[in-house]
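> Please read through the structure below; I'll follow up with questions.
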């Protein structure tokens, strides 16, 4: 009887113990894997979030730096174009009066009318036209000098500045040789008769009376306006979480700060909230350490806050203007993002563990009930055991088979649960990949800074033409000399130039929008559009572009993605030439397109000396870069490889090659793209 009781207990206990042990083991392994992945994800996310925020503030400052560099580069051109446009306007006005009245008025009266008309035209408090008549090789008579009318009618041929430069002679020389041109000299401002300052004038011959008409301005006044435009632009830069841009000079004068407007123009004496260090000295030292900018750590409070927080800033020095520009991010905001992720992950893991426990308990209850029912049935029939041993054994085997099927079903459920857990891990991995995608998008922001400069470069001439036309309409209307044909011609010119500006915006919008759309296009057009996007960068770095295009190579593929890949390769070539080829006359990029029966090829090679052979096979790997970490993310060529290989189903490789230009041998990297033809 004792043996029967033991057998009954074993029937209940053994399956329960086996299932319980299996569930505990599987649950422990699953939970261990979950927490191991959780810890890795938190560690990676903390590092990635910090690097992402650092790259973000660096991109902000680099974009502003590129904008200011563009303003500095364009300032002399804008200055000269402004002088030239105003003299051309005065010439047009004088010539219009002359042609209209030459047969109606005596010569002296007509001259007087022209001079008085020009005398009335003023630009601000100091801008005016001047007119002189070249009588002979040594006699130049001032006909109109609004600033010093007492000198009108006198010989100004031998007039000179404080450096003994006879700029009166220079005026005559320019008119004699070129009919128009610029003259540089020193002269005092109307508000300061003691100090002479650098001045530039543009003069143009007026043949009817052997006159020349001129207009001049002081470059320092123009540069002050450029700086004011830049500071006004910086006021517009504000970012979430109290992000902003500030500017100081190296003598610690605060130039711009959106939250300290009352301190602008004063010496900045603020201290680090924790260490007591003078913040302006800390920023200036970091900015001067590296011409490409530096990161700096300090302690500060948020606007309208009192809590002292650690902050990471990025500063960069603008040498010509003696400016230090910077911005920063609070580590508390970075940690807050990480904590939100940790909270979310912890909640998900707890949910998974709870589900495992619930399922385990359900399985144990089911197994216990089944075992109990089986044992009860066996007990009821055990008295007939000896007589019907075969039948009972069959019943027992059948019961065991049922139990085994149940166990298999629950094991299958556990397997499905594990598969769901794997899907969650995979989803998290994809989320990390998306964050890497954000880093890839951030690496495009630096290029966007150059694109902004290129848009402004392509807009400058049309805007100048529109300005001149509008000024002419306004002035002629005021003087009552505006004729219908003039109005039609000038407004047609304005419409033509605005249409051109609209087309420029469409071209750059299509590139930035980056739609992945399959289109038919000529491969040469993709190269030309990439070069248009980088036009300002090519001009600023004095790159020589040599093109050798085979005509009519058409593809059915993704145009915008090919342009992005070409921009990445050309940017890489530009950086290499800037770093390795100090002689600007040898900065060459050779672009060739050619084709075979069913393939199209683009070859882009530079004269930067080539790539180290040991690094050639690594150049398309993610995060691989030979540049300083502050200048590159190592994602540009990796993105290019993904676009060509995965998206466009083509091939790309790099090799070192040599080529000859103007009888001179060059060596550099050669990127070759292979795509299927139409």
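Only the coordinates and a few stated rules stand behind these numbers; no lab work does. Since we're looking at a predicted model, the values are computed, not measured. Every residue, glycine as well, gets a Cβ built from its backbone with ideal geometry; the counts of neighbours run over all protein chains shown.
> Please compute the volume of the convex hull spanned by the alpha-carbon atoms of region 187-227 and report it per residue in Å³.
Normalising the Cα hull of region 187-227 by residue number yields 89 Å³.
> A further question follows. Kindly provide the Kirkwood hydrodynamic radius of region 66-213 in Å, to one decimal, from all pairs of distinct alpha carbon atoms.
Computed over Cα pairs of region 66-213, the Kirkwood hydrodynamic radius comes out at 16.5 Å.
> What relative contact order, as a whole-number percentage, does region 516-676 give when Cα pairs under 8 Å and 6 or more residues apart are counted?
23
> Please sort 82-92, 221-231 by packing, taking for each peptide the average over its residues of neighbouring beta carbons within 10 angstrom, highest first.
Top to bottom by mean Cβ count within 10 Å: 82-92, 221-231.
> A follow-up question, please. Label residue 394 and residue 261 with points 7 Å out from Cα along Cα→Cβ: what is the distance between them in nm?
Rounded to a tenth, the inter-label distance reads 9.8 nm.
> Under the 0.36 nm per residue contour assumption, what length would be gained going from the current alpha-carbon distance of residue 209 and residue 343 to full extension?
Between residue 209 and residue 343, full extension yields an extra 39.7 nm.
> How much length is gained if the chain between residue 658 and residue 236 is pulled fully straight, taking 0.36 nm per residue apart and subtracting their Cα-Cα distance, in nm to one decimal?
Difference between extended and current length: 147.1 nm.
> Same structure again: Quick one: check the C-alpha center-to-center distance for region 69-139 versus region 168-188, whole angstrom.
15
> Using a Förster radius of 41 Å, what is the FRET efficiency between residue 138 and residue 224 based on their Cβ-Cβ separation? Nearest 0.05, please.
0.60
> How much length would be gained if the chain were fully extended between residue 413 and residue 32, taking 0.36 nm per residue of separation minus their Cα-Cα distance, in nm to one decimal?
Contour length minus the Cα-Cα distance gives 135.2 nm.
> Computed FRET efficiency, Cβ-Cβ of residue 182 and residue 548, R0 45 Å: what is it to the nearest 0.05?
0.75
> Where does region 516-676 land on the Kirkwood hydrodynamic radius, alpha-carbon pairs, in angstrom?
16.0
> Among 138-144, 311-317, what's the highest-first ranking by average C-beta atoms within 10 angstrom per residue?
For the peptides 138-144, 311-317, the packing ranking is 311-317, 138-144.
> List residues of region 658-676, by number, whose backbone nitrogen lies under 20 Å from a label position 7 Å along Cα→C-beta of residue 595.
Only 672-676 pass the distance filter.
> Going highest first, how would you order 654-665, 55-66 by mean Cβ packing within 10 Å?
The most tightly packed comes first, giving 55-66, 654-665.
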